[in-house]
Amino acid sequence: MQNSGWILVTGGAGYIGAHTCVALLEAGHQVLVFDSLVNGSTEALARASALGGGEIAFVQGDVRDRAALDALFARYPVSAVLHLAGVKAVGESVRQPLHYYEVNVSGSLSLLQAMDAAGVHTLVFSSSATVYGAPVRLPIDEQAALGPSNPYGRSKLMVEDQLRDLCAAQPHWRVAILRYFNPVGAHPSGQLGEDPHGTPDNLMPFVSQVAVGRRPELAVFGNDYPTPDGTGVRDYLHVCDLAAGHVAALKALPAQGGLLTVNLGTGRGHSVLDVVRAFEAASGQTVPLRFAPRRPGDIAACWADPSRAEQLLGWRAECDLDAMCRDVWRWQRGNPQGYR
Ligand code: UFG
C-alpha cells in the first residue's frame, strides 16, 4: 500500500520514534523525520530505514523553531503528523520546569500553528499515563481523573488541553492522543533499542546495563509497597506494539474524526522483581540488586485498561514480558554502548 503524502514524525530519531518509523514504512507510508538530535541519532534512522525497507527523509530542527517548520511544510506535502518530539525525564522536569514547558508546551503550540498554516489537520500526539497521577482505581481507563504530579506530566496534560480546545473549536481537526504506559523492549532484529545518555532513569535500561556488566547492581526503589512482593508494579509495553499503535491511530483517524484519546498498555502489571527475574531468564545473566528507599513521587501500582484502543483502533499489545526482555537483551548484547 502506498499512501499519498508524507507522514511527518517529530522526534523520529529517538527510541520510540525510530521504531515507529519502521512500522510506518512497513505499512507503506512515506516517512519524513524532523528531529533536533538532542536525544536521537542519525544511526537509528539509518537502521530504521534498512529494517523498514524504505527511505526516510530527514530534516534536523527543533519544534520550537516555527520558521523551520514552515519551510518543512512548504517543501513536503505532509498528510499527517506524529508528534513525538519532547523531553521526558520526570526528575529533570522537577529541576528544570521552564525547560519542560518550553520544549513540550511551546514546541507543540508552534507545531500546531505551523500545521494549521499549512492546512495539515491530522495529528497523533505522544502523551503519557503520567497525566493520570496516582490512580484511584485499577486498571486505569481514559475516564479516570487527570492529576499529574510533576512538571513533565503537567506539560503533557497542557498539550492535551490545547488539543481538546482545538478540536472543540475546529471540528475539521483529526487528533489522536495516545497515553503510553511503560514502553520497553527493542526491535527483534537487535538493531534498534533504547540508548539513554548517562545513568538510565528507567528500570529496564538500568537492568540491562547491569546484566551486560556496565553497572554493578540495581537499586530497587522500595520493597514496602502494598503490592504482592512489595515492589512497584507497572504496565510494561513492547516498543514495537507501541509503534503499531501509532500506525493504527493514523489509520483510524479519518473515519473516527474529531478527537480520540486512548491508553496504550497491555492491561497487565509486573513488579520490579518480576522484571528482574524475566530479564535473568532471557539473558542467562544474574542481576545483582539491593533494596533502597522509595523514589520520591513514585506510585505503588499502575496498569491500563486498554480496551478502548482495541475498540477504536483495532489495536492490542501482542508481546509479553519475556519477549520484551529477550529483545532488550539482544539489543544490549549487540550494542553494549548503544549507537556510539
Ligand atoms: N525502579 C527501580 N530502580 C530503578 C529504576 C526504576 O526500582 O533504577 C522502579 C521504580 O521505582 C518503579 C518501576 O521501577 O516502581 C518503574 O520505574 P520507571 O522509572 O521505569 O518508570 P515509571 O513508571 O516511574 O515512569 C515511566 C516513565 C514516565 C511515564 C510513566 C508512565 O519514565 O515518563 O512511566 O507510566 F510517565
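If you take the residues in the stretch 228-259 that are at pLDDT 95 or above, more than 9 Å from the ligand (Cβ to nearest atom) and not in a helix (DSSP H, G or I), which one is nearest to G52 (Cα to Cα)?
Per the criteria, the residue is H238.
Look at A300 and say whether it is closer than 28 Å to V31 by Cα, of a type in the set (A, V, I, L, M) and touching a Pro at 6+ places or on another chain (Cβ under 9 Å).
No; evaluated as a whole, the condition is false for this residue.
In the stretch 260-310, which residues are in a strand (DSSP E or B) and more than 14 Å from the ligand (Cβ to nearest atom)?
Scanning the stretch 260-310 gives L260, T261, V262.
Output yes when any residue across the stretch 180-189 is touching a Pro at 6+ places or on another chain (Cβ under 7 Å), more than 15 Å from the ligand (Cβ to nearest atom) and modelled with pLDDT of 95 or more, and no when none is.
Checked the stretch 180-189: no residue is touching a Pro at 6+ places or on another chain (Cβ under 7 Å), more than 15 Å from the ligand (Cβ to nearest atom) and modelled with pLDDT of 95 or more.
So which residues in the stretch 313-340 are surrounded by 18 or more Cβ atoms within 10 Å (Cβ to Cβ) and more than 15 Å from G190 (Cα to Cα)?
Residues satisfying the conditions are L313, W315, A317, C319, L321.
So which residues in the stretch 194-209 are under 14 Å from R333 (Cα atoms) and more than 9 Å from the ligand (Cβ to nearest atom)?
E194, D195, S208, Q209
Output the strands (runs of 3 or more DSSP E) that fall wholly within the stretch 56-141 and possess 1 or more residues being buried (at least 18 other Cβ atoms within 10 Å of the Cβ) and out of contact with any Gly (no Cβ under 9 Å at 6 or more places or on another chain), or say none.
The qualifying strands (runs of 3 or more DSSP E) are 78-83, 122-128.
Condition (residue is in contact with a His (Cβ under 8 Å, 6 or more places away or on another chain) and closer than 21 Å to P306 by Cβ) applied to the stretch 173-181: is it met by at least one residue?
Looking for residues that are in contact with a His (Cβ under 8 Å, 6 or more places away or on another chain) and closer than 21 Å to P306 by Cβ, one finds at least one in the stretch 173-181, hence yes.
What number of residues within the stretch 200-219 are within 23 Å of the chain's Cα centre (by Cα) and of a type outside the set (V, I, T)?
Of the residues in the stretch 200-219, 9 are within 23 Å of the chain's Cα centre (by Cα) and of a type outside the set (V, I, T).
Looking at the stretch 211-227, which of its residues are outside any loop (DSSP other than H, G, I, E, B) and either of a type in the set (D, E) or within 9 Å of the ligand (Cβ to nearest atom) (or both)?
Listed by number, the residues that qualify are L218, A219, V220, F221.
Restricted to the stretch 113-160, and to residues that are under 19 Å from E102 (Cα atoms) and among the small types (G, A, S), which residue is nearest to the ligand (Cβ to nearest atom)?
Taking the candidates together, the pick is S128.
Considering the stretch 182-210 alone, what residues qualify as being out of contact with any strand residue (DSSP E or B) (no Cβ under 6 Å at 6 or more places or on another chain), surrounded by 20 or more Cβ atoms within 10 Å (Cβ to Cβ) and not in a helix (DSSP H, G or I)?
Those that are out of contact with any strand residue (DSSP E or B) (no Cβ under 6 Å at 6 or more places or on another chain), surrounded by 20 or more Cβ atoms within 10 Å (Cβ to Cβ) and not in a helix (DSSP H, G or I): A186, H187, Q191, L192, G193, E194, D195.
The values are calculated or read from the model by the stated rules, or taken from the named source; none is laboratory data. These numbers come from a predicted model, not from an experiment. Methodologically, a virtual Cβ is constructed for each residue, glycine included, from the backbone with ideal geometry; neighbour enumeration extends over all protein chains shown.
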